[in-house]
1. Within segment 57-76, count every residue that is exposed (fewer than 13 other Cβ atoms within 10 Å of the Cβ) and either of a type in the set (D, E, K, R) or over 22 Å from residue 26 (Cα atoms) (or both).
2. So how many residues does segment 80-101 have that are basic (Lys, Arg), over 14 Å from residue 47 (Cβ atoms) and not in a strand (DSSP E or B)?
3. Is it true that residue 39 is among the hydroxyl-bearing types (Ser, Thr, Tyr) and either surrounded by fewer than 10 Cβ atoms within 10 Å (Cβ to Cβ) or under 14 Å from the mean Cα position of the chain (by Cα) (or both)?
4. Examine segment 1-9 for a residue that is modelled with pLDDT of 70 or more and charged (D, E, K, R), and state whether such a residue exists.
5. How many residues does segment 52-79 hold that are assigned to a loop (DSSP other than H, G, I, E, B) and either of a type in the set (A, V, I, L, M, F, W, C) or under 17 Å from residue 92 (Cβ atoms) (or both)?
Amino acid sequence: MRRAIILLSLAASGCAALPNTIAPELEHMSHATQHAPLTDHPTRYGANIAQVTAQWDMGAAYVSLSEGIGLNRKYPYSYGEIEGPREQFTARIGYQFTVRK
């Protein structure tokens with residue numbers, strides 16, 4: 001959560017690192033084989049995360065940073081299938097290929 005506050009503070013101050021977009025998101029992370037119709041007995045493991053994502057676009061390339069909290073506790077020491085504290089951080093670097101305009 002501290003990273004999200006820092007990112008939002010930088011954005012509000014007009015910093016040169018201003019992202020192109022900031023978005024609140026809900027994310028579910030798991031294995032596809034843990035859910036029907038791929039199995040008769042879904043384990044229902046996974047992580048549901050409420051997060052804020054900042055994205056920087058550089059042409060077709062992008063950098064995306066997310067900071068959020070796990071919403072469902074699986075065991076006393078983990079949220080979903082991610083072990084550790086409730087705070088979740090995700091970083092993505094990618095490239096978008098244009099299929100059709």
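1. 6
2. 2
3. Answer is no for this residue.
4. Checked against the condition, which is being modelled with pLDDT of 70 or more and charged (D, E, K, R), segment 1-9 yields no hits at all.
5. 3
The rows are residues; the columns are (1) modelled with pLDDT under 75; (2) of a type in the set (Gly, Ala, Ser); (3) more than 19 Å from residue 89 (Cα to Cα).
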site	(1), (2), (3)
21	no, no, no
34	yes, no, yes
41	yes, no, yes
44	yes, no, yes
50	no, yes, no
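The values are calculated or read from the model by the stated rules, or taken from the named source; none is laboratory data. Quick caveat, the model's predicted, so the values are computed rather than measured. Neighbour counts run over all protein chains shown; Cβ positions are idealised from the backbone, glycine included.
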